[in-house]
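Visitor: Sending over a structure as structure tokens; questions will come in a sec.
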Amino acid sequence: MRNHRQSSRFALAAALAAAAISGSPVSAGDPGSGNWPMWGGTPDRNMVSSATGMPTEWDVKSGKNVRWSADLGSQSYGNLVVAGGMVFIGTNNEKVRDPKQAGDRGVLMAFRESNGEFLWQQTHVKLEAGRANDWPFQGVASSPLIEGDKLYYVSNRGVVFCLDIQGFRDNENDGPVTNETLTGQFDADVIWSFNMIEEVGSYPHNLSNSSPVIWGDLVFLSTSNGQDESHVNIPSPRAPAIIALNKTTGQLVWEDNSVEDRILHGQWSTPAVGQIGGVVQVVSAQGDGQVRGYEAATGKKLWEFDTNPKESQWPRTRNELISTPVIVNGIVYIANGQDPEHGEGVGYFHAIDPTKRGEGLDITASGSVWRFEMHRSISTAAVADGLVYIADFSGYLHCLDARTGKLHWTHDVLAAVWGSPFVVDGKVYLGDEDGDIVILAHAREKKVIAELNMGNPVYATVVPANGALLVNNRSRVFSLAVK
Ligand SMILES: [Ca+2]
Ligand SMILES: [Ca+2]
């Protein structure tokens with residue numbers, strides 16, 4: 001038993017986990033703009049960037065190679081994004097910035113990218129139902145998405161928001177929503193919102209955490225619909241697992257509920273979008289342990305793949321899906337696992353070819369390119385130059401051959417991993433619960449370059465943007481750059 005891997009009380013990695021080269025929404029790569037405008041940078045969610053000049057040494061105590069840092073709340077399970085000269089991140093309200101908005105809340109904060117100046121925030125009181133739907137002090141765990149001057153994310157109350165990235169600092173109240181009660185320069189300007197609990201009947205288990213993804217006019221989200229606190233009942237078996245909203249109006253365009261009453265626990269994965277077999281598809285990892293692909297424009301279900309062996313049994317050997325699917329060259333890569341609260345266990349990492357066809361829509365047999373047995377994981381993969389990096393919750397980072405799944409090497413970080421490996425500048429960066437970030441060579445042979453401590457647990461994934469490496473620990477965000 002490795003006690004140091006024990007995790008603090010529930011928290012949904014999620015977004016993190018909670019789990020590239022052009023601006024085109026269907027190509028694998030980084031956005032190519034210097035920014036990092038969504039979880040994974042682009043809709044394929046691959047944790048890879050073409051940025052260079054990333055720091056490999058810094059010291060958060062002495063300030064070496066630290067451009068700036070800024071306070072967050074006490075727990076920050078979302079992942080930051082960078083766009084429009086700003087950094088956006090979800091956290092909780094233990095760093096109260098407005099006495100009128102005190103107490104336990106989910107918070108989305110905006111900072112200036114150049115110097116870390118706090119710009120504005122949106123806060124949300126907790127759901128009245130309490131921990132069943134909105135776990136205390138977990139904050140906002142959705143990673144926002146920025147497109148143009150609009151920001152999309154999901155609050156701890158299960159509400160999808162579209163905000164103006166300038167807030168009220170542009171002296172304009174953007175609509176249709178114009179009845180905000182707080183309209184100061186540090187407050188958020190809401191454009192529209194969509195309440196997934198009221199509108200589609202979602203019953204989020206412990207927390208709503210989905211990170212939005214956009215293709216065309218549509219924004220796609222997981223509803224986080226799940227079991228109640230009994231861990232037996234599913235109060236809302238008819239609620240969709242995934243929805244598509246019009247990004248301009250916030251209106252529901254399509255929804256799908258293929259999971260029905262087979263939710264193992266919660267639904268905390270986040271969708272990806274990519275071109276597969278000539279079709280733009282939304283790929284969604286759902287609460288029955290299955291990954292499903294949909295035609296993005298219509299919601300027509302195209303395929304489904306079970307990530308668990310037939311004989312497996314929840315919760316001992318059957319897993320849920322918290323990691324985000326990654327789409328590279330038409331192949332879907334994803335790990336299964338369980339809520340960190342459930343501890344360690346066996347898990348699987350899959351490479352899936354969704355162009356294969358099987359019985360009906362089930363491609364579990366025909367679509368399996370390869371499978372790698374590891375520990376349970378809530379991390380998302382990084383795929384670059386024929387190599388796949390995937391970490392598991394037990395603290396092992398694996399480097400696999402992308403074509404065959406053959407193991408090249410494993411590195412043990414000796415602590416639980418909630419975040420995801422990230423490939424940038426010829427290196428792999430990975431944070432852990434001990435607060436360390438390990439840097440290894442992006443190569444077929446294992447080479448550790450550095451291990452640097454961030455002061456407290458790192459549940460997030462590093463983000464390269466405009467020459468800096470941004471990363472947050474539980475309570476602080478840092479911009480790191482070679483001076
Ligand atoms: Ca405005
Ligand atoms: Ca407004």
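The values are calculated or read from the model by the stated rules, or taken from the named source; none is laboratory data. It should be emphasised that the depicted structure is a prediction, and the values quoted were computed from it without experimental measurement. Ideal geometry is used to build each Cβ from the backbone, glycine not excepted, and the neighbour counts take in all protein chains shown. With ligands, DNA and RNA removed, areas are computed over all heavy atoms of the protein, side chains included. Shrake-Rupley method; radii C 1.70, N 1.55, O 1.52, S 1.80 Å.
Visitor: Which entries in K310/K406; K300/K356; K150/K247; K95/K247; K61/K483; K100/K126 show an alpha-carbon gap greater than 21 Å? Display every interim value, and only then the final one.
Guide: Details: K310/K406 23 Å; K300/K356 17 Å; K150/K247 10 Å; K95/K247 31 Å; K61/K483 16 Å; K100/K126 15 Å.
Pairs exceeding the cut-off: K310/K406; K95/K247.
Visitor: Counting each DSSP H run of 4 or more residues in the chain as -39500 (n - 2.57), what helix-only mean residue ellipticity at 222 nm follows after dividing by all residues, to the nearest 500 deg cm²/dmol?
Guide: On the way: 1 runs with 5 residues, N = 483.
Computed mean residue ellipticity for the chain: 0 deg cm²/dmol.
Visitor: Once fully extended, how much extra length lies between A441 and R262, figured as 0.36 nm per residue of separation less the alpha-carbon to alpha-carbon distance? Present the calculation step by step, with values, prior to reporting the outcome.
Guide: Working: separation 179, 0.36 × 179 = 64.44 nm, distance 4.16 nm.
Contour length minus Cα-Cα distance gives 60.3 nm.
Visitor: At what distance in angstrom do the alpha carbon centres of the range 215-263 and the range 362-435 lie from each other?
Guide: Centre-to-centre (Cα) distance: 28 Å.
Visitor: How many nm is it between the label spots at R371 and R97, if each spot is 7 Å from the Cα in line with the beta carbon?
Guide: It works out to 4.6 nm between the two label points.
Visitor: Could I ask something else about it? State the extension gain, in nm to one decimal, for the chain segment bounded by H231 and R112, taking 0.36 nm per residue of separation less the distance between their alpha-carbons. Don't skip to the end; give the middle numbers.
Guide: Working: separation 119, 0.36 × 119 = 42.84 nm, distance 4.21 nm.
Here the answer is 38.6 nm.
Visitor: So, one more: Would you tally the net charge around Y429, using a Cβ to Cβ cut-off of less than 12 Å, leaving Y429 out, and scoring K and R as +1, D and E as -1? Before the final figure, lay out the partial values.
Guide: Working: positive: K427; negative: D425, D432, D436, E451.
Local charge sum for Y429: -3.
Visitor: Could you please state how large a percent of the accessible area of the range 386-430 is carbon and sulfur, counting protein chains only and using a 1.4 Å probe?
Guide: Details: 580 of 1050 Å².
After summing per-atom areas, the C and S share lands at 56 percent.
Visitor: On to the next question. Counting other Cβ atoms within 10 Å of each Cβ, which GluC sites (Glu not before Pro) in the range 245-332 have at most 13 and sit in a DSSP loop?
Guide: Numbers: sites: E255, E260, E295, E304, E311, E320; in loops: E260, E311.
Sites meeting the loop and neighbour criteria: E260, E311.
Visitor: What figure, in Å² to the nearest 10, do you get for the accessible area of Y203 with a 1.4 Å probe and non-protein molecules left out?
Guide: 60
Visitor: So what is the relative contact order for the range 230-375, in percent, with contacts set as C-alpha pairs under 8 Å and at least six apart?
Guide: Details: 314 pairs, mean separation 24.5, N = 146.
Here the relative contact order equals 17 percent.
Visitor: Further, regarding this structure: Mind listing P(r) for the range 113-202? All alpha-carbon pairs, 10 Å bins, whole percents.
Guide: 16, 45, 32, 7, 0
Visitor: A further question on this structure: Roughly how many Å² of H375 are accessible to a 1.4 Å probe, to the nearest 10?
Guide: Solvent-accessible area, nearest 10 Å²: 70 Å².
Visitor: Accessible area per residue for the range 124-189 in Å², computed with a 1.4 Å probe and the full protein assembly in place, what is it?
Guide: 40
Visitor: Find the relative contact order for the range 115-198 and round it to a whole percent, using C-alpha pairs within less than 8 Å whose residues are 6+ positions apart. Could the numbers behind the result be given before it?
Guide: Numbers: 133 pairs, mean separation 23.1, N = 84.
Relative contact order for the range 115-198 comes out at 27 percent.
Visitor: What does the range 141-285 give for Rg and for Dmax, in Å, if only its C-alpha atoms count?
Guide: Cα radius of gyration and Dmax of the range 141-285 are 15.9, 50 Å respectively.
Visitor: Of Y389, Y348, which has the most accessible area and how do the rest follow, probe 1.4 Å? Display every interim value, and only then the final one.
Guide: Values: Y389 0, Y348 25 Å².
Largest accessible area first, the residues go Y348, Y389.
Visitor: For M374, which sequence-distant residues (separation of 5 or more, or a different chain) have an amide H within less than 5 Å of its own amide H, given hydrogens modelled in the peptide plane?
Guide: Amide H neighbours of M374, under 5 Å, 5+ apart: G347, Y348, F349.
Visitor: Whole angstrom only: what separates the Cα centroid of the range 68-85 from the Cα centroid of the range 148-205?
Guide: Each part reduced to its Cα centre gives a spacing of 18 Å.
Visitor: Note down the accessible area of E128, probe 1.4 Å, to the nearest 10 Å².
Guide: 150
Visitor: Given the C-alpha atoms of the chain, compute the convex hull and give its volume per residue in Å³. It would help to have the intermediate numbers written out before the result.
Guide: On the way: hull volume 60.5 nm³, N = 483.
Convex hull volume per residue, Cα atoms: 125 Å³.
Visitor: List the extent of the Cα atoms of the range 323-424 along each of their three principal axes, largest first, rounded to whole Å.
Guide: 41, 31, 19
Visitor: Still on this model: So for S379, S475, what's the accessible-area order with a 1.4 Å probe, most first? Could you put the intermediate results ahead of the total?
Guide: Details: S379 0, S475 35 Å².
Final ranking, largest accessible area leading: S475, S379.
Visitor: Sticking with this structure for a sec: For the range 170-245, what does the relative contact order come out to in percent, with C-alpha contacts under 8 Å and a separation of six or more? Before the final figure, lay out each step's value.
Guide: Values: 101 pairs, mean separation 18.2, N = 76.
Taking the mean separation of contacting Cα pairs over the length of the range 170-245, I get 24 percent.
Visitor: Label points 7 Å out from Cα along the Cβ direction at S62 and R238: separation in nm?
Guide: According to this spin-label approximation, the distance is 6.4 nm.
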